[in-house]
Amino acid sequence: MSFLTTYPVNDFGPAMKGMVIGGLGIFHVFLAQFAIGGGMLMAYFQWLAMTGREPRAREVLDSYFKYLILVSFVTGALTGVAMWFTSIQISPTTIGQMVDVFHWVWATEWLFFWVEVIAGYAFYRWGKLLSDRARLTLLLIYSVSGYGSLFWINGILSWQLTPGDWVQTRSLWVGFFNQTFWPSLLYRTIACMVIAGLVAAVVVNTMTSLERETRTRLIHHAARFMLPILAMPVIGLWFLAALPEDSRGWVMGGSIAMTMFLNLAVGASALIGGYVVVGLWKQRLTINGATATLLLALAFGASAGGEFVREGARKPYTIREVLYSNAIGEDEVEHLRKVGCTTRDPYPLLEPYPTAQLTLGARTFRNQCGICHTMAGVNALEHLMGSWTIEQQRMNVAKLQWTKGFMPPFAGTAEELEALVQLVRWEHAKRPPNFPESHDPKVLAEIERWLEEAGPRPASEPRPLLATEAR
């Protein structure tokens with residue numbers, strides 16, 4: 001499978017491209033999960049009102065829905081469009097591959113989304129005029145269509161991490177119902193319900209017309225809705241066990257950043273679960289708006305940590321066994337080491353460089369590193385490798401996947417690698433106007449040897465022993 005088309009991509013200056021799309025993605029996912037869980041909670045509260053189990057539930061439901069419309073249908077929709085906009089600017093190859101494989105799944109998801117929008121606006125416009133049974137029917141349509149949207153999106157996102165036998169069979173359903181599909185779907189389902197329940201606690205506290213006892217009772221109903229949080233540890237362990245061995249290694253200590261964010265997600269979820277189960281449900285404590293908002297902020301932190309881990313666990317891939325995180329295909333590395341990664345790049349640079357070699361280095365950086373790194377901003381190469389000796393820089397980049405196991409192999413010529421090293425050194429020297437070029441044939445031959453020793457495969461695959469090591 002070839003991905004040799006190069007697309008123009010935007011540069012965000014000192015901001016890492018992954019940080020831009022990651023920050024936006026976390027915010028969008030949190031809003032989307034609120035919308036999905038909110039639909040289920042509203043149907044639950046409508047049922048409470050219809051059956052006489054909670055006479056004030058309908059009043060809360062109508063107030064809750066106003067927040068759902070404002071946050072989900074407006075902010076959520078805008079961030080959803082922004083996600084597509086930034087994705088096609090940062091990694092169009094990845095998005096193109098996802099759409100190519102799952103175009104009918106995307107179309108199905110959009111049908112569910114449109115049903116959700118239509119049902120939601122119908123309830124917003126006519127909900128107060130409908131009978132209880134009609135209201136429940138409309139809310140169930142809204143809830144089921146929203147959850148259907150989650151179902152289809154979850155299959156695509158989990159496929160990126162664990163495509164499994166799809167890599168060989170190219171079967172749509174083999175890729176869709178992959179090994180992390182069910183644990184991630186169940187985990188997201190519980191997250192949706194918890195977020196929706198915490199928002200309900202905030203909304204109830206804004207309704208000053210309700211007596212304190214009534215607010216406590218309503219929040220207790222929301223706590224019952226959140227009780228599936230008790231299953232989160234088991235489902236989390238299931239998800240962890242379903243991960244490929246190298247991905248599990250990153251989150252279990254192989255990458256300190258991923259381990260830290262995993263601990264953030266687990267710790268925040270434990271605090272929320274403890275308060276919901278022991279405080280709100282068991283002891284029926286009264287919770288004020290400030291505490292409810294704090295718990296909701298913890299839920300956002302847990303979601304952020306979980307999304308960071310989900311994205312990071314794919315390293316060095318953006319689509320496992322198919323496409324590396326720098327949008328270079330796994331089967332392209334050997335070819336690009338012969339012809340170069342810059343020969344397919346027709347786009348001009350944003351700034352001039354004092355030498356042809358530094359210009360080549362800037363193009364190499366753009367094609368090899370620019371998706372995940374900056375040169376002198378966030379996650380900058382100048383900070384990561386600028387202080388290394390020149391020999392370290394050359395060898396560590398040539399053997400990149402063995403230098404850091406979550407990095408893809410270098411996919412370019414020895415000349416491009418040397419140009420990248422010289423660019424980093426120029427940046428580290430504070431961009432002097434005069435900078436010598438380096439074209440020593442012995443150096444290039446040494447880089448070629450290191451590239452050959454490293455091989456074109458990722459670190460997750462066993463490295464063949466060198467002749468010297470075999471002895």
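The values are calculated or read from the model by the stated rules, or taken from the named source; none is laboratory data. Everything numeric in this text was worked out from a predicted model, so none of it was measured. FYI the Cβ positions are ideal-geometry reconstructions off the backbone, even for glycines, and counts take in every protein chain you see.
Taken together, 284, 314 contain a single residue that is part of a loop (DSSP other than H, G, I, E, B), closer than 24 Å to residue 251 by Cβ, in contact with a helix residue (DSSP H, G or I) (Cβ under 6 Å, 6 or more places away or on another chain) and not assigned by TED's automatic domain parsing to the domain that holds residue 421, which is 314. Residue 326 fails exactly one of the following numbered conditions: (1) at pLDDT 95 or above; (2) within 28 Å of residue 248 (Cα to Cα); (3) part of a loop (DSSP other than H, G, I, E, B). What is the number of that condition? Going through (1) at pLDDT 95 or above; (2) within 28 Å of residue 248 (Cα to Cα); (3) part of a loop (DSSP other than H, G, I, E, B) one by one, residue 326 breaks only (1).
Going by what's in this entry, would residue 160 be described as part of a helix (DSSP H, G or I) and within 16 Å of the chain's Cα centre (by Cα)? Quick ask: steps written out before the conclusion?
On the way: part of a helix (DSSP H, G or I): yes; within 16 Å of the chain's Cα centre (by Cα): yes.
So residue 160 fits the description; yes.
Residue under question is residue 36, and the condition is that it be among the β-branched types (Val, Ile, Thr) and crowded, with 18+ Cβ neighbours inside 10 Å; does it hold? When the stated conditions are applied, residue 36 passes them. Among residues of the range 383-439 being in contact (Cβ under 8 Å) with a residue 40 or more places away in the chain and among the aromatic types (Phe, Trp, Tyr), the one that is surrounded by the most Cβ atoms within 10 Å (Cβ to Cβ) is 410. With respect to being of a type in the set (A, V, I, L, M, F, W, C), touching a helix residue (DSSP H, G or I) at 6+ places or on another chain (Cβ under 6 Å), modelled with pLDDT under 90 and surrounded by 15 or more Cβ atoms within 10 Å (Cβ to Cβ), residue 371 fits the description. Out of all the residues in the range 207-220, is one or more assigned to a helix (DSSP H, G or I) and without any contact (Cβ under 8 Å) to a residue 60 or more places away in the chain? Yes: the range 207-220 contains one or more residues that are assigned to a helix (DSSP H, G or I) and without any contact (Cβ under 8 Å) to a residue 60 or more places away in the chain.
Can you name every residue in the range 169-209 that is within 20 Å of residue 297 (Cα to Cα) and surrounded by fewer than 18 Cβ atoms within 10 Å (Cβ to Cβ)?
To start, the set of residues in the range 169-209 that are within 20 Å of residue 297 (Cα to Cα) comprises 187-206.
Selection gives 206 alone.
If you check 107, 57, 32 for being aliphatic (A, V, I, L, M) and more than 21 Å from residue 154 (Cβ to Cβ), only one passes: 57.
The residue of the range 383-396 that is farthest from the chain's Cα centre (by Cα), among those that are assigned to a helix (DSSP H, G or I) and farther than 14 Å from residue 419 by Cα, is 392.
Could you look through the range 64-87, keep only residues that are of a type in the set (Val, Ile, Thr) and in contact with a Phe, Trp or Tyr (Cβ under 8 Å, 6 or more places away or on another chain), and pick out the one that is nearest to residue 33 (Cα to Cα)?
Kept after step one, since they are of a type in the set (Val, Ile, Thr), are these residues of the range 64-87: 69, 71, 74-75, 79, 81, 86.
Filter once more, keeping what is in contact with a Phe, Trp or Tyr (Cβ under 8 Å, 6 or more places away or on another chain): 69, 71, 79.
Working: 69: 14, 71: 11, 79: 13 Å.
The extreme case among them is 71.
The set of residues in the range 341-368 that are acidic (Asp, Glu) and either exposed (fewer than 15 other Cβ atoms within 10 Å of the Cβ) or assigned to a helix (DSSP H, G or I) (or both) contains only 351. Taken over the range 85-139, the criterion of being in a helix (DSSP H, G or I) and polar (S, T, N, Q) is satisfied by 86, 87, 89, 93, 94, 97, 108, 137. The condition (being of a type outside the set (S, T, N, Q), under 24 Å from the mean Cα position of the chain (by Cα) and surrounded by 15 or more Cβ atoms within 10 Å (Cβ to Cβ)) is satisfied by just one residue among 57, 49, 82: 82.
Residues in the range 241-272 that are touching a residue at least 60 places away in the same chain (Cβ under 8 Å) and in contact with a Pro (Cβ under 9 Å, 6 or more places away or on another chain): 242, 246.
Put simply, of 242, 223 the only residue that is buried (at least 17 other Cβ atoms within 10 Å of the Cβ) and over 19 Å from the mean Cα position of the chain (by Cα) is 223.
One line per residue, one yes/no per condition, for (1) assigned by TED's automatic domain parsing to the domain that holds residue 362; (2) part of a loop (DSSP other than H, G, I, E, B); (3) farther than 21 Å from residue 297 by Cβ; (4) out of contact with any helix residue (DSSP H, G or I) (no Cβ under 9 Å at 6 or more places or on another chain):
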residue	(1), (2), (3), (4)
21	no, no, yes, no
29	no, no, no, no
35	no, no, no, no
42	no, no, yes, no
54	no, yes, yes, no
60	no, no, yes, no
64	no, no, no, no
68	no, no, no, no
76	no, no, no, no
